[in-house]
Amino acid sequence: MALGEGCPAGGSAYAALETSMRRRLGRECLYVPSCRLGLYVALRHWCPPGGRVLMSPVNDDVIFFVVLAAGLRPVQAPLRPWDGTVDPAAVPESVWRSLSCVLTTNLYGNPDPAPELRARCEASGIPLIEDAAHAIGSRVGGHPVGTFGAASVFSLSKHVGAKTGGFLAVADPGMRARLAAERDALLVPSRLTADLAYALRPYAEAGVRGLRLARAAHAVLRLLGREERPEIRMPLRPGELARALGTAPGLDRFHSWVRVDMHDYRLRPSRVRLRRTARLLAGLDERLTVHRSGTRRLLASPWAGPGADSGADSGAGEGEGQPLFRVPLLVEDRDAAVAALARHRITTGYLYDPPLDAYAGEAFTDPSPAPEGAAWFARHALPVDPRRADQVIGILRAAGIRPAAPPETSNGTRGTSGTRGTSGASSNTRGARDTGTRSTGGIGGTHDTGGIGGIGG
């Protein structure tokens with residue numbers, strides 16, 4: 001099959017990848033060209049149009065737009081301020097009764113409380129869908145993240161580094177054929193230009209890094225008006241978004257938001273993409289080992305939240321520790337930390353600030369009933385690639401970066417690692433501007449990509 005020629009729709013071209021993930025997860029797995037497309041398929045399959053989806057407000061905005069495109073109403077959840085996980089106990093009963101689905105985030109690979117969320121979903125008769133884009137190697141109670149809900153989605157752009165592809169995993173194997181048909185109906189034909197760009201991208205990125213041209217690339221994109229993220233969050237364009245909502249569910253009117261950082265998110269994969277993905281997926285275990293090691297070192301640093309080091313192995317099983325995709329260090333002045341890292345050519349990506357309810361407003365989402373924990377975490381979290389743990393620790397120490405002070409609780413006292421979504425943090429959630437905090441334009445990415453300092457999977 002020639003470069004740019006899409007693989008057959010029958011799915012045989014995906015078999016090796018699906019078999020590999022099925023063995024790893026113990027669930028039926030369906031290959032998808034991106035995590036975001038897999039999530040859209042899952043939401044459309046399990047949720048009725050107009051349904052309400054509980055989700056994390058500290059999340060990639062692309063995922064927010066996927067939920068809207070599926071014809072659903074986002075409902076922002078309270079978060080625990082020290083790790084950014086969903087706090088089920090802080091969700092009012094009235095909210096639980098109104099939901100059609102719960103969507104976990106497992107931010108940076110740190111697992112949300114899936115057993116507790118599954119129990120609440122089962123009691124309410126609604127599906128739990130797990131976004132495991134950052135958590136392909138994470139575990140809860142010895143079980144892989146992605147094995148608790150009716151469905152889960154994984155990215156092959158994060159730990160795997162393929163910059164394309166993902167999986168939709170399901171609890172009921174009998175749903176596979178129908179989901180495969182729903183996936184195939186959304187795919188667009190492969191393009192020679194897109195596959196050439198994909199094949200050449202690793203070399204282009206290496207050249208940009210080697211020649212220290214990342215800032216120049218940003219400047220050119222801004223000059224040409226091609227920069228998709230002038231800030232951490234993409235432009236909301238509320239008027240246009242309101243008009244698109246009138247057409248939901250459907251991807252076409254939401255394409256300009258959903259495609260950000262990954263324009264090929266629904267492209268039928270060519271053989272060149274699948275071959276490269278298979279080669280990289282074969283090395284996943286070695287990558288996870290490196291991530292575990294770096295995670296341990298970062299969680300033992302002064303910038304880890306209280307109890308983070310002692311809890312590093314919690315839920316992972318066999319004392320291995322979690323192979324976090326990024327480790328969220330908690331710093332007092334993130335702008336200063338980002339600038340210190342940028343001086344050493346380390347770009348900070350995967351920032352999700354401000355939280356989605358502050359970003360989008362009540363016209364497009366229900367706000368969190370307790371937003372303080374999310375606001376505090378979003379403002380102080382510094383996502384660090386665990387593969388660069390020692391270098392980052394040295395830079396932060398030399399720059400005199402201080403750990404974030406514990407957030408105040410509702411009674412005015414300082415919280416501890418047990419604080420559960422009750423911080424009294426300021427509402428100032430302004431993101432850092434133009435200091436290396438965002439991805440490098442078209443070279444970086446968010447939920448599904450991962451270029452030079454790019455965002456997520």
So S157, is it assigned to a loop (DSSP other than H, G, I, E, B) and among the hydroxyl-bearing types (S, T, Y):
yes
Cβ pairs under 8 Å, 6+ apart, first in the range 39-54 and of a type in the set (V, I, T), second part of a loop (DSSP other than H, G, I, E, B) and modelled with pLDDT of 95 or more
V53/C47; V53/L72; V53/L99; V53/S100
Within the range 1-19, which residues are at pLDDT 95 or above and either assigned to a loop (DSSP other than H, G, I, E, B) or within 22 Å of the chain's Cα centre (by Cα) (or both)?
L17, E18
Hits in the range 250-288 - residues which are part of a loop (DSSP other than H, G, I, E, B), surrounded by 18 or more Cβ atoms within 10 Å (Cβ to Cβ) and out of contact with any Asp or Glu (no Cβ under 7 Å at 6 or more places or on another chain):
L251, R259, D264, R266, R268, P269
Does R387 satisfy the criteria of being in contact (Cβ under 8 Å) with a residue 12 or more places away in the chain, part of a helix (DSSP H, G or I) and in contact with a helix residue (DSSP H, G or I) (Cβ under 6 Å, 6 or more places away or on another chain)?
yes
Can you list the helices (runs of 4 or more DSSP H) lying wholly within the range 33-152 that have 2 or more residues being of a type in the set (K, R)?
35-46, 114-124
Which members of the range 163-176 meet the condition of being assigned to a loop (DSSP other than H, G, I, E, B) and buried (at least 24 other Cβ atoms within 10 Å of the Cβ)?
K163, T164, G165
Could you tell me which residue of the range 347-375 is surrounded by the most Cβ atoms within 10 Å (Cβ to Cβ), considering only residues that are under 20 Å from H134 (Cβ atoms) and touching a Pro at 6+ places or on another chain (Cβ under 8 Å)?
A374
Identify, by number, the condition in (1) crowded, with 18+ Cβ neighbours inside 10 Å; (2) assigned to a helix (DSSP H, G or I); (3) modelled with pLDDT of 95 or more that E240 doesn't meet.
(1)
For T85, indicate whether it is surrounded by 22 or more Cβ atoms within 10 Å (Cβ to Cβ) and closer than 20 Å to W46 by Cα.
no
Options R387, R397, R420: the member that is modelled with pLDDT under 95 and of a type outside the set (A, V, I, L, M)
R420
Number of the condition not met by H380 [criteria: (1) buried (at least 17 other Cβ atoms within 10 Å of the Cβ); (2) modelled with pLDDT under 95]:
(2)
Taking the residues in the range 105-128 that are crowded, with 24+ Cβ neighbours inside 10 Å, touching a strand residue (DSSP E or B) at 6+ places or on another chain (Cβ under 6 Å) and aliphatic (A, V, I, L, M) as candidates, determine which candidate is nearest to C35 (Cα to Cα).
L128
Test W303 against the criterion of being farther than 25 Å from E18 by Cα and either outside any loop (DSSP other than H, G, I, E, B) or touching a Ser or Thr at 6+ places or on another chain (Cβ under 6 Å) (or both), and give yes or no.
no
So, Y198, is that one at pLDDT below 60, outside any loop (DSSP other than H, G, I, E, B) and within 22 Å of Y31 (Cα to Cα) or not?
yes
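The values are calculated or read from the model by the stated rules, or taken from the named source; none is laboratory data. In this text, all values refer to a predicted model and were calculated from it rather than measured experimentally. Positions of Cβ are backbone-derived with ideal geometry, glycine not excepted, and every protein chain shown enters the neighbour counts.
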